[in-house]
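Novice: Take this structure, written in structure tokens, and hold onto it; I'll ask about it next.
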Amino acid sequence: MLVAYYYDMDKVSAQRPAIVIVAKLPVPGRVKTRLCPPLTPHEAAALYACFLQDTVAKVAGLSISEAFIALNIAELGEERQALLDTIMLPGSVRVIDQGEGDLGVRLSKILTDAFPEPAQVVFIGADSPSLPRSYLARAVSSLERHDVVIGPSDDGGYYLIGLSGNHLCVFKDIAWSTSAVFEQTLARAVAAGLDVDVLPGWFDIDDDAGLRRLHRELRDDPSTAPRTTSYLANYRP
């Protein structure tokens with residue numbers, strides 16, 4: 001499997017817009033720990049791998065120039081290729097470093113280290129595998145007319161943020177991992193005079209309630225996340 005790495009974080013020569021999936025590797029005990037129980041750590045990691053695969057497939061179906069997955073390269077170690085193979089990245093998806101720190105620090109690093117300015121970049125997580133592709137398509141097109149596009153999540157955070165230019169102010173002084181993240185981010189953007197497009201809300205799968213909701217949605221429309229649907233085929237909430 002051919003995967004391109006940018007461990008030295010040279011500027012990526014990408015036409016605009018680009019999409020970056022900010023993710024973790026599916027290592028048992030390190031991902032989706034709040035899903036344990038009802039899942040075991042190995043089941044939660046395997047499910048997260050499906051989330052990643054479905055997210056990558058959804059992004060690949062968009063009319064964008066390039067797609068990236070951002071990982072903490074320092075955590076990969078000598079087994080990095082074996083770990084990457086667990087999520088079966090296509091060769092068209094490049095791996096870049098997100099570094100360490102809170103989400104704002106990591107997104108700022110990606111934006112300033114990996115992309116030339118001014119760049120149009122949409123950041124998404126891998127916690128919403130059933131997210132409609134239409135939301136992603138709107139985010140991509142929105143950056144032609146707006147400085148910022150953001151998709152609020154039900155827990156008060158956001159499942160997506162896109163920037164047309166290096167507007168790092170939206171990552172400053174945010175109470176990360178709280179229900180105030182979306183509102184604070186929106187306030188930072190408005191205070192800076194940025195034009196913001198707010199997408200419809202969606203949900204992350206971080207706990208048993210989210211998993212149950214996902215299971216119901218995929219039962220009605222399995223095509224939105226086929227790998228996740230297949231993995232959850234025997235799941236009984």
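The values are calculated or read from the model by the stated rules, or taken from the named source; none is laboratory data. Bear in mind that the values here come from a model prediction, so they are computed numbers and not experimental data. Heads up, the Cβs are rebuilt from the backbone with ideal geometry, glycines too, and the neighbour counts pull from every protein chain shown.
Novice: Quick one: Gly157 ticks every box in (1) under 19 Å from Ala46 (Cα atoms); (2) under 16 Å from the mean Cα position of the chain (by Cα) bar one, so which box is it?
Specialist: Answer for Gly157: the failing condition is (1).
Novice: Looking at Asn166 and the list (1) surrounded by 15 or more Cβ atoms within 10 Å (Cβ to Cβ); (2) within 27 Å of Lys32 (Cα to Cα); (3) in contact with a helix residue (DSSP H, G or I) (Cβ under 8 Å, 6 or more places away or on another chain), which single condition is not satisfied?
Specialist: Just one mismatch for Asn166, condition (2).
Novice: With the requirement that a residue be part of a loop (DSSP other than H, G, I, E, B) and either within 13 Å of Gly151 (Cβ to Cβ) or among the small types (Gly, Ala, Ser) (or both), what does the range 113-130 give you?
Specialist: Ala119, Gly125, Ala126, Asp127, Ser128, Ser130 - these are the residues of the range 113-130 that are part of a loop (DSSP other than H, G, I, E, B) and either within 13 Å of Gly151 (Cβ to Cβ) or among the small types (Gly, Ala, Ser) (or both).
Condition check ((1) modelled with pLDDT of 85 or more; (2) within 24 Å of Leu136 (Cα to Cα); (3) buried (at least 21 other Cβ atoms within 10 Å of the Cβ)) across all residues:
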{"site": "Thr33", "(1), (2), (3)": "yes, no, no"}
{"site": "Phe51", "(1), (2), (3)": "yes, yes, yes"}
{"site": "Ala74", "(1), (2), (3)": "no, no, no"}
{"site": "Gln81", "(1), (2), (3)": "no, no, no"}
{"site": "Gln98", "(1), (2), (3)": "yes, yes, yes"}
{"site": "Gly104", "(1), (2), (3)": "yes, yes, no"}
{"site": "Ala114", "(1), (2), (3)": "yes, yes, yes"}
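Novice: From the list Ser92, Ser134, exactly one residue is within 21 Å of Gly201 (Cα to Cα), among the hydroxyl-bearing types (Ser, Thr, Tyr), surrounded by fewer than 17 Cβ atoms within 10 Å (Cβ to Cβ) and free of Cβ contacts under 8 Å to residues at least 40 places away in the same chain. Which is it?
Specialist: From the options Ser92, Ser134, the qualifying one is Ser134.
Novice: Which residues, counting only those in the range 212-228, are outside any loop (DSSP other than H, G, I, E, B) and either touching a residue at least 12 places away in the same chain (Cβ under 8 Å) or under 18 Å from Pro38 (Cβ atoms) (or both)?
Specialist: Across the range 212-228, the qualifying residues are Arg212, Arg213, Leu214, His215, Arg216, Glu217, Leu218, Arg219, Thr224, Pro226, Arg227, Thr228.
Novice: Here is a further query. Taking the condition under 24 Å from Val56 (Cα atoms), of a type outside the set (Phe, Trp, Tyr) and in a loop (DSSP other than H, G, I, E, B), does Asp206 pass?
Specialist: On the way: under 24 Å from Val56 (Cα atoms): yes; of a type outside the set (Phe, Trp, Tyr): yes; in a loop (DSSP other than H, G, I, E, B): yes.
Yes; evaluated as a whole, the condition is true for this residue.
Novice: I would also like to ask the following. Give the residues of the range 180-200 that are under 26 Å from Leu52 (Cα atoms) and touching an Asp or Glu at 6+ places or on another chain (Cβ under 6 Å), sorted by residue number.
Specialist: Of everything in the range 180-200, nothing turns out to be under 26 Å from Leu52 (Cα atoms) and touching an Asp or Glu at 6+ places or on another chain (Cβ under 6 Å).
Novice: If you go through the range 141-152, how many residues are surrounded by 22 or more Cβ atoms within 10 Å (Cβ to Cβ) and either farther than 20 Å from Val190 by Cα or among the polar types (S, T, N, Q) (or both)?
Specialist: 1
Novice: Further, regarding this structure: Looking only at the range 184-203, how many residues end up being farther than 14 Å from Gly156 by Cα, assigned to a loop (DSSP other than H, G, I, E, B) and touching a residue at least 12 places away in the same chain (Cβ under 8 Å)?
Specialist: Count: 3.
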